[in-house]
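In what follows, a single structure is set out as structure tokens and then discussed.
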Amino acid sequence: MSPEIIGAIGLLCMIIMVVLRVPVALAMLGVGLVGFGAVTSSDGAIQMLKDLPVDVLAKYDFSAIPLFILMGVFATHSGMAGKLFDATRTIFGGVRGSLGIAGIGSSGIFASISGSSLATASTMTRVALPEMEKYGYQPGFACGILAAGGTLGIMIPPSIALLVYAILTEQSVGDMFIAGFLPGILGMVMYSITVMIMVRWKPHLAQRGEKTSWGAKLRSLTGLIPFSFIFVIIIAGIFLGLFTPTEGAAVGAFASWAYAAAKGMRIKGLKQSLVETLALSAVVFFMLLGAEALGYFISVSRLSYSLATWIGGLAVSPMFVLLAILFMYFLLGLFMDALAMLVITIPVVYPIIIALGFDPVWFGIVTVLTVELGLITPPMGMNIFVIKAMAPHIKLSDMFRGVAPFIVSDFVRLAVLVAFPAISLVLLG
């Protein structure tokens, strides 16, 4: 049996295991080890099993992951989110749909130091949903706004998804973060425009917010200072070469802790934050361990090379292949976790993209955006289910109807980024 056939069988087995609810990390690790042994030797698989955990856990680049997670956890437990929402609602006061726009804006800003869509969605729902319901927002529409705003966490730097993509493809983490900035801002703007269009088209969805004076708007900007300070330190430091992304993550985590400590976090809160960070980091590292094993298997089986050669010989344009790959990501996003999708597929897809001549940084941005769609699209819609757990009184069907306009907005943004790659790459020079 040829190595390519073994590789194809291995991928099929992994898909079946995922469908049967085997943990994704375990499925990748098992298939990677067994497949590697089938292509090389059982001794080789055993040796890989001994070496791989050390290689993954000791890799310097990976140390940024728990630090970014810790930074987001400190931000969540420090009360920063509440002040952020109060500031943005004051800034947009008096505009129809102002609370919705404030929810989008505060989600995007919070995501800039959280790095996690689920954390952003859950935190901002806790803060913003009661206020939106109080001011007459249709509950499903309010949940749709917050679910869409939560997805900004996967794109706006520092993003864990962009970090993982950079590590898997050996791209510069700094380049990925900088490339994600404008697409993330574009998402915030388009979501806000979507809110304004919907409340004008269907006025019953939201009431006009309370008017606020220009003085109040200016004073409210103080609520943005903690986020702006941490964000500027990280991005400017990386962009100017003052420190590496890992060092930037450490600086950001320390700054978040300092703010939390100043606001009253004590040993109990610190311990809770560390435990939460360790739990989330363990999940991510287990998935990365499985992805590394699967990547070795795909490499020795030459499956990705054979696929790239075969696709290169087809009488279709590279753009057609790209759109087919993005459509695959959209379909996978209906059923799978975003991070799991990346670690499973990148070892197979990335060589094809390089062979077709596409820019790897730009491809990472459009891929992460496509993966982001799965967070708000049924039947998976992880952000929707997170919000449902926090708002059980609102029907799930109403939530999915409420988020539908934002799904359309994301498709438009994806089309714009595919048509104009410069939006993602212009800041890289």
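Restricting to the range 400-424, what's the tally of residues that are more than 16 Å from V199 (Cα to Cα) and open to solvent by less than 30 Å² (accessible area, probe 1.4 Å)?
So the answer is 7.
If I ask for residues that are open to solvent by 10 Å² or more (accessible area, probe 1.4 Å) and hydroxyl-bearing (S, T, Y), which ones from the range 337-376 would you list?
T345, Y350
Determine which member of the set S78, S63 is under 25 Å from the mean Cα position of the chain (by Cα), under 30 Å from R219 (Cα atoms) and in contact (Cβ under 8 Å) with a residue 40 or more places away in the chain.
S78
Only one residue in V195, V189 is crowded, with 18+ Cβ neighbours inside 10 Å and part of a helix (DSSP H, G or I), so which one is that?
V195
Take the residues in the range 14-25 that are assigned to a helix (DSSP H, G or I) and surrounded by 15 or more Cβ atoms within 10 Å (Cβ to Cβ), then tell me which one is modelled with the highest pLDDT.
Residue satisfying both the conditions and the ranking: M17.
Would you say A262 is over 20 Å from the mean Cα position of the chain (by Cα), buried (at least 16 other Cβ atoms within 10 Å of the Cβ), of a type in the set (A, V, I, L, M) and at pLDDT 80 or above?
In short, no.
Listed residues V56, V39; which is open to solvent by 30 Å² or more (accessible area, probe 1.4 Å) and β-branched (V, I, T)?
It is V39.
Which residue pairs have Cβ atoms under 8 Å apart, sit 6 or more places apart or on different chains, and have a first residue in the range 175-201 that is over 18 Å from F141 (Cα atoms) and a second that is open to solvent by 20 Å² or more (accessible area, probe 1.4 Å) and not aliphatic (A, V, I, L, M)?
If the second residue must be open to solvent by 20 Å² or more (accessible area, probe 1.4 Å) and not aliphatic (A, V, I, L, M), the pairs left are F177/P245; I178/F239.
Return yes when G44 is at negative phi, buried (at least 22 other Cβ atoms within 10 Å of the Cβ) and not in a loop (DSSP other than H, G, I, E, B) and no when it is not.
For G44, the condition - at negative phi, buried (at least 22 other Cβ atoms within 10 Å of the Cβ) and not in a loop (DSSP other than H, G, I, E, B) - is not met.
Quick one: is L52 among the aliphatic types (A, V, I, L, M), within 24 Å of the chain's Cα centre (by Cα) and on the phi < 0 side of the Ramachandran plot?
Judged against the criteria, L52 is not a match.
Output the helices (runs of 4 or more DSSP H) that fall wholly within the range 114-179 and possess 1 or more residues being open to solvent by 20 Å² or more (accessible area, probe 1.4 Å), under 28 Å from I354 (Cβ atoms) and in contact with a Pro (Cβ under 9 Å, 6 or more places away or on another chain), or say none.
Passing ranges, in order: 160-169.
Test of understanding: among I113, I156, I109, which residue is of a type in the set (A, V, I, L, M) and free of Cβ contacts under 8 Å to residues at least 60 places away in the same chain?
Exactly one residue qualifies, and that residue is I156.
Residues are listed down the side, and each one gets a yes or a no for (1) more than 15 Å from L118 (Cα to Cα); (2) touching a residue at least 12 places away in the same chain (Cβ under 8 Å); (3) assigned to a helix (DSSP H, G or I):
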{"position": "G357", "(1), (2), (3)": "yes, yes, no"}
{"position": "V366", "(1), (2), (3)": "yes, yes, yes"}
{"position": "P378", "(1), (2), (3)": "yes, yes, no"}
{"position": "F385", "(1), (2), (3)": "no, no, yes"}
{"position": "P392", "(1), (2), (3)": "yes, no, no"}
{"position": "M399", "(1), (2), (3)": "yes, yes, yes"}
{"position": "P405", "(1), (2), (3)": "yes, yes, yes"}
{"position": "V416", "(1), (2), (3)": "yes, yes, yes"}
{"position": "S424", "(1), (2), (3)": "yes, yes, yes"}
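The values are calculated or read from the model by the stated rules, or taken from the named source; none is laboratory data. All values derive from a computational prediction rather than experimental measurement. Neighbour counts are summed over all protein chains in view; Cβ atoms, including those assigned to glycine, are modelled from backbone coordinates with ideal geometry. To get the accessible areas, we keep the full protein, side chains included, count just its heavy atoms, and leave off ligands, DNA and RNA. Shrake-Rupley method; radii C 1.70, N 1.55, O 1.52, S 1.80 Å.
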